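Inspection log for the structure reproduced underneath, given as structure tokens.
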Amino acid sequence: MDIRVGTGYDLHRFGEGRRLILAGVQLDEERGLVGHSDADVVTHAVIDAMLGAAGLGDIGTHFPPGDPRFAGANSMELLRVTLALLSERGWRPVNIDTTVIAERPRLAPHILAMRASLAAVLGMDVESVSVKAKTSEGLGALGAGEAIAVMAAALITRDS
Ligand code: MG
């Protein structure tokens, strides 16, 4: 069996007039993240981890930020396409782990919904999809609540 691991990272800044969508879950917040797509920073980091594991480039390779086809894109749809790209090459995800660095909002009440949302698209058990939340202890731009950053890891496998 082939086994590969990949990592992903993304950051989006907050802006007015945007919805806050994390791992496909829309949170009831006044401000959201700014981006060409729906700015789902969690899903973007997961996509990069999966593409990285499979050696298939990164999210910008497959979904260029300047491409009008992806304006306002639902990132869960991009995740679905990413899974298909891996599946075509025989890869399937074993587990996903993420760390969300957000000063606010408090994410604990939303963690299970975020895990379930990613797991549903990826066809995985919720137990195999982890979302963890941290703050930046008030330090720097993340600590000032100006942005949310996410780190992700993906383990994938295929029969050799
Ligand atoms: Mg992004």
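The values are calculated or read from the model by the stated rules, or taken from the named source; none is laboratory data. This is a predicted model, so every value here is computed, not measured. A quick note on method: Cβ atoms are made from the backbone with ideal geometry, for glycine too, and the neighbour counts reach across all protein chains shown.
Quick look at the numbers
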item: Selection count, the range 16-25, where residues are touching a strand residue (DSSP E or B) at 6+ places or on another chain (Cβ under 7 Å) and surrounded by fewer than 21 Cβ atoms within 10 Å (Cβ to Cβ); result: 2
item: Selection within the range 47-58 - more than 11 Å from the ligand (Cβ to nearest atom) and either at positive phi or among the β-branched types (V, I, T) (or both); result: G55, G57
item: Entirely in the range 43-160, the helices (runs of 4 or more DSSP H) that have 1 or more residues that are within 23 Å of E29 (Cβ to Cβ) and in contact (Cβ under 8 Å) with a residue 24 or more places away in the chain; result: 75-88, 111-122, 140-143
item: Residue tally, condition of a type in the set (D, E), in contact with a helix residue (DSSP H, G or I) (Cβ under 9 Å, 6 or more places away or on another chain) and not in a strand (DSSP E or B), over the range 1-31; result: 0
item: Candidate set from the range 1-24 (those that are among the small types (G, A, S) and touching a residue at least 24 places away in the same chain (Cβ under 8 Å)); member that is farthest from the ligand (Cβ to nearest atom); result: G6
item: Residues located in the range 92-120, provided they are closer than 26 Å to D2 by Cβ, hydrophobic (A, V, I, L, M, F, W, C) and surrounded by fewer than 21 Cβ atoms within 10 Å (Cβ to Cβ); result: V94, A119, A120
item: Residue selected from the range 25-39 under the condition more than 14 Å from the ligand (Cβ to nearest atom) and touching a residue at least 24 places away in the same chain (Cβ under 8 Å), by the criterion nearest to N74 (Cα to Cα); result: V25
item: Residues that are buried (at least 16 other Cβ atoms within 10 Å of the Cβ), more than 16 Å from the ligand (Cβ to nearest atom) and under 17 Å from the mean Cα position of the chain (by Cα), drawn from the range 64-91; result: L83, L85, L86
item: Of residues in the range 1-23 being modelled with pLDDT of 95 or more and among the acidic types (D, E), the one farthest from A144 (Cα to Cα); result: D2
